[in-house]
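Student: There's a structure below that I have some questions on.
The values are calculated or read from the model by the stated rules, or taken from the named source; none is laboratory data. Every value quoted in this text rests on a predicted model; they were computed, and no experiment measured them. We place every Cβ from the backbone using ideal geometry, glycine too, and count neighbours over all the protein chains shown. Heavy atoms of the whole protein, side chains included, go into the accessibility calculation; ligands, DNA and RNA do not. Shrake-Rupley method; radii C 1.70, N 1.55, O 1.52, S 1.80 Å.
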Amino acid sequence: MLRDRLVSLCLLSLTVACGDDPSAPPAAETDGDPTTGDGGGSESTTAAEDEPEATYTYYRDAKAIIDGKCGVCHLPDDIAPFSLQTYDEVRAVAAVLPASIEQGAMPPWPPADNCQPYAHSRSLDDSEREILLTWLDEGAPQGDPADEPPPEPGSEPEPWQPQLSLQVPEPYTPTMEPDDYRCFVVPWPEQERQYITGYRVVPDNRAIVHHVILFNAGADAVDQLRELDEAEPGPGYSCLGGAGAPANWVGSWAPGGDGRVLPADTGIPIEPGSMMVIQMHYNTLSSAPSPDQTKVEIEIADEVARPALVLPFTNFNWVTGMEPMTIPAGDPEVTHTYDLPMSHPLLRGRLADVGIEADAPFVVHDLGLHMHYLGTSGTLSVARDGVDEECMLHIPRWDFNWQGGYQFQEPMRVYPGDSLRLSCTWDNSEANQPVIDGQVAAPHDVQWGEGTTDEMCLGVLYLTAAE
């Protein structure tokens, strides 16, 4: 789990920072230049001539990889336990980096490589992994700052021009440690139907904001949301799996993410009189609880060419208990699978809401999976004509702390005769129980539910009509 990894990294980084650096070369008898390998002294010229040149250096080779794949999360006073913005910061924790890189734990990228190509991947390819491991093995030489390559053309972010800003109503300090899931209700201010075409989460207190999910609840759910909000003291109410009331997923953010501009000519319709729900996940493992008042900036349009649907789907019978999604106590491997045919009347009704006819295909732009703490793996796929299975998303090692959305490099087309297939696997053995209020939970029969010790198996798709 993320909490265990962060604790280990914190302890190791403190050891490195406060004691001798185990990745540093043995101390030379005389002073020299650590960036060139010159040991100094009367024989320094001969030693420098005999010592091979570093295969890679920080500025010439490693920095661009670290900045692009690691530094986007490891920022000063952010949720990660240490910053990786400078050579000195990287050097201070160099001893703990190889193990995380070799194990694939960092940078975190849950999807399997052999399913689909996704945009904005944080994973290291073979070349990047080889550069970092070789560089670290050779003592992490700094090199010459002048060798740093220039930014790639087009790498600068486009200007962000939001029309709306929705903010947590008042500052909130987490009360549950180390994880506090809190939902805040914010009225949607527009008086006519609008389309969300982009969003950006702006964390107020980055040191404790682990991730954010934005939901939209229709006018018929407003009273239920207000009851949830009023039932608990302080702003907002406790929530885990969703908004706690009928609501549609709009988007999500995790450290390292930036503004999300939705695919061109698409947007999510939002009706007047509805409510937005900002679900915050606060983690106080690396920082003491302190106030936060995060906001979400939103781009909107009056019209779009292709209205978009954020489609969460699961077996409705699991939710109602008509077909229990039972995960027996003590069972180390339990799998439940559900097929949703494109002809399902409820699905066709949702698709019709965004102009997708019954005999027409649609395209999936991005998608995600959701389970709770007992999950071990999950898969979303398309059964072509109900038979041939094509992988959409496979998470081989589920980690509740690293769930997100994954955008296809090229949208995937789904046809009327196809079925969406959802499969989740859990471990309910004694060795895989979550820590609740400082205590390891005891195994018990688990069903679908919103609670911390309940479970879910949910797919989330962002889709539109095909062009």
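Student: Hey, among the residues in the stretch 345-362 that are outside any helix (DSSP H, G or I) and surrounded by 16 or more Cβ atoms within 10 Å (Cβ to Cβ), which one's modelled with the highest pLDDT? Walk me through it before giving the result.
Tutor: Taking the stretch 345-362 first, the residues outside any helix (DSSP H, G or I) are 354-362.
Now restrict to residues that are surrounded by 16 or more Cβ atoms within 10 Å (Cβ to Cβ): 354, 356, 362.
Numbers: V354: 92, I356: 93, F362: 96.
So the residue we want is F362.
Results for (1) part of a loop (DSSP other than H, G, I, E, B); (2) under 13 Å from G405 (Cβ atoms); (3) of a type in the set (F, W, Y); (4) touching a Ser or Thr at 6+ places or on another chain (Cβ under 6 Å), shown as yes or no for each residue.
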site: P246; (1), (2), (3), (4): yes, no, no, no
site: W249; (1), (2), (3), (4): no, yes, yes, no
site: P255; (1), (2), (3), (4): yes, no, no, no
site: P269; (1), (2), (3), (4): no, no, no, no
site: I278; (1), (2), (3), (4): no, no, no, no
site: Y282; (1), (2), (3), (4): no, no, yes, no
site: A288; (1), (2), (3), (4): yes, no, no, no
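Student: Could you list, in sequence order, the residues of the stretch 373-419 that are part of a loop (DSSP other than H, G, I, E, B), surrounded by 18 or more Cβ atoms within 10 Å (Cβ to Cβ) and under 26 Å from the mean Cα position of the chain (by Cα)? Spell out how you get there, then give the answer.
Tutor: Going through the stretch 373-419, the residues part of a loop (DSSP other than H, G, I, E, B) turn out to be 373-374, 385-387, 396-399, 403-405, 415-418.
From what's left, surrounded by 18 or more Cβ atoms within 10 Å (Cβ to Cβ): 373-374, 398, 403-405, 418.
Across the stretch 373-419, the qualifying residues are Y373, L374, W398, Q403, G404, G405.
Student: Let me ask another. If I go through the stretch 72-102 residue by residue, how many of them are β-branched (V, I, T), in contact (Cβ under 8 Å) with a residue 12 or more places away in the chain and either closer than 20 Å to G139 by Cβ or in contact with a Phe, Trp or Tyr (Cβ under 6 Å, 6 or more places away or on another chain) (or both)? Please lay out each step first, then the result.
Tutor: Step one: list which residues in the stretch 72-102 are β-branched (V, I, T), which gives 72, 79, 86, 90, 93, 96, 101.
From what is left, the residues that are in contact (Cβ under 8 Å) with a residue 12 or more places away in the chain are 72, 79, 90, 93, 96, 101.
Those still in the list that are either closer than 20 Å to G139 by Cβ or in contact with a Phe, Trp or Tyr (Cβ under 6 Å, 6 or more places away or on another chain) (or both) too: 90, 93, 96, 101.
Result for the stretch 72-102: 4.
Student: Anything in the stretch 52-82 that is in contact with a Leu (Cβ under 7 Å, 6 or more places away or on another chain) and either among the charged types (D, E, K, R) or not in a loop (DSSP other than H, G, I, E, B) (or both)? List them, or say none.
Tutor: A62, I65, I66, K69, listed by residue number.
Student: Among (1) over 19 Å from G405 (Cβ atoms); (2) modelled with pLDDT of 95 or more; (3) not in a loop (DSSP other than H, G, I, E, B); (4) not hydroxyl-bearing (S, T, Y), where does G330 come up short?
Tutor: Status for G330: all satisfied but (3).
Student: Now a separate question. Which numbered condition trips up S100, out of (1) assigned to a helix (DSSP H, G or I); (2) at pLDDT 95 or above; (3) within 19 Å of the chain's Cα centre (by Cα)?
Tutor: (2)
Student: Which one is modelled with the lowest pLDDT among residues in the stretch 432-461 that are open to solvent by less than 20 Å² (accessible area, probe 1.4 Å) and in contact with a Leu (Cβ under 7 Å, 6 or more places away or on another chain)?
Tutor: Here the answer is V460.
Student: When the stretch 103-123 is examined, which residues are found to be closer than 21 Å to L367 by Cα and touching a helix residue (DSSP H, G or I) at 6+ places or on another chain (Cβ under 7 Å)? I'd like the intermediate steps shown before the answer.
Tutor: Pass one, the stretch 103-123, residues closer than 21 Å to L367 by Cα: 107-123.
Result: P107, P108, P110, R122.
Student: Can you name the residue in the stretch 253-280 that is farther than 22 Å from D366 by Cα and open to solvent by less than 40 Å² (accessible area, probe 1.4 Å) and is also farthest from the chain's Cα centre (by Cα) among such residues? Quick ask: steps written out before the conclusion?
Tutor: Of the residues in the stretch 253-280, the ones farther than 22 Å from D366 by Cα are 271-275.
From the residues that got through so far, the ones that are open to solvent by less than 40 Å² (accessible area, probe 1.4 Å) too are 274-275.
Values: S274: 27, M275: 24 Å.
Among those residues, the one meeting the criterion is S274.
Student: Under 7 Å by Cβ, and 6 or more places apart or on different chains, what pairs join a residue from the stretch 242-263 that is of a type in the set (K, R) with one that is surrounded by 22 or more Cβ atoms within 10 Å (Cβ to Cβ)?
Tutor: What qualifies is R260/Y199; R260/G251.
Student: Conditions: (1) under 25 Å from F400 (Cβ atoms); (2) open to solvent by 50 Å² or more (accessible area, probe 1.4 Å); (3) outside any helix (DSSP H, G or I). Q85 meets all but one. Number of the miss?
Tutor: (1)
Student: Considering only the stretch 294-338, how many residues are touching a residue at least 60 places away in the same chain (Cβ under 8 Å) and over 25 Å from R397 (Cα atoms)?
Tutor: 16
Student: Moving to a separate point now. Looking only at the stretch 201-244, which residues are touching a Pro at 6+ places or on another chain (Cβ under 9 Å), under 17 Å from T173 (Cα atoms) and outside any loop (DSSP other than H, G, I, E, B)?
Tutor: V209, H210, H211, V212, D229, listed by residue number.
Student: Let me ask another. Just to be sure I understand the filter: pairs with C-beta atoms under 9 Å, separated by 6 or more residues or on different chains, first member in the stretch 453-467 and more than 17 Å from Q407 (Cα to Cα), second member open to solvent by 10 Å² or more (accessible area, probe 1.4 Å) and basic (K, R). Which pairs pass?
Tutor: Sorted first by the residue in the stretch 453-467, then by its partner, the pairs are E467/R306.
Student: Kindly indicate which of V185, V222, V209, V250 is open to solvent by less than 50 Å² (accessible area, probe 1.4 Å) and in contact with a helix residue (DSSP H, G or I) (Cβ under 6 Å, 6 or more places away or on another chain). Quick ask: steps written out before the conclusion?
Tutor: Working: V222 fails: in contact with a helix residue (DSSP H, G or I) (Cβ under 6 Å, 6 or more places away or on another chain); V209 fails: in contact with a helix residue (DSSP H, G or I) (Cβ under 6 Å, 6 or more places away or on another chain); V250 fails: in contact with a helix residue (DSSP H, G or I) (Cβ under 6 Å, 6 or more places away or on another chain).
Sole residue among the options that is open to solvent by less than 50 Å² (accessible area, probe 1.4 Å) and in contact with a helix residue (DSSP H, G or I) (Cβ under 6 Å, 6 or more places away or on another chain): V185.
Student: Consider only pairs whose beta carbons are under 9 Å apart and that are at least six residues apart or on different chains; among these, list those whose first residue lies in the stretch 405-418 and is touching a residue at least 40 places away in the same chain (Cβ under 8 Å) and closer than 15 Å to G368 by Cβ and whose second residue is loosely packed, with under 14 Cβ neighbours inside 10 Å and of a type in the set (A, V, I, L, M, F, W, C).
Tutor: Y406/A119; Q407/A119; F408/A119
Student: Is it the case that L132 is open to solvent by less than 80 Å² (accessible area, probe 1.4 Å), out of contact with any Leu (no Cβ under 6 Å at 6 or more places or on another chain) and in a helix (DSSP H, G or I)?
Tutor: Details: open to solvent by less than 80 Å² (accessible area, probe 1.4 Å): yes; out of contact with any Leu (no Cβ under 6 Å at 6 or more places or on another chain): yes; in a helix (DSSP H, G or I): yes.
Yes; evaluated as a whole, the condition is true for this residue.
Student: Against the definition (open to solvent by 20 Å² or more (accessible area, probe 1.4 Å) and within 24 Å of M456 (Cα to Cα)), how does G234 come out, yes or no?
Tutor: Numbers: open to solvent by 20 Å² or more (accessible area, probe 1.4 Å): yes; within 24 Å of M456 (Cα to Cα): no.
Here the answer is no, as G234 does not meet what is asked.
Student: Is it true that S429 is modelled with pLDDT of 95 or more, out of contact with any Cys (no Cβ under 9 Å at 6 or more places or on another chain), of a type outside the set (A, V, I, L, M) and within 24 Å of E450 (Cβ to Cβ)? Spell out how you get there, then give the answer.
Tutor: Working: modelled with pLDDT of 95 or more: yes; out of contact with any Cys (no Cβ under 9 Å at 6 or more places or on another chain): yes; of a type outside the set (A, V, I, L, M): yes; within 24 Å of E450 (Cβ to Cβ): yes.
Here the answer is yes, as S429 does meet what is asked.
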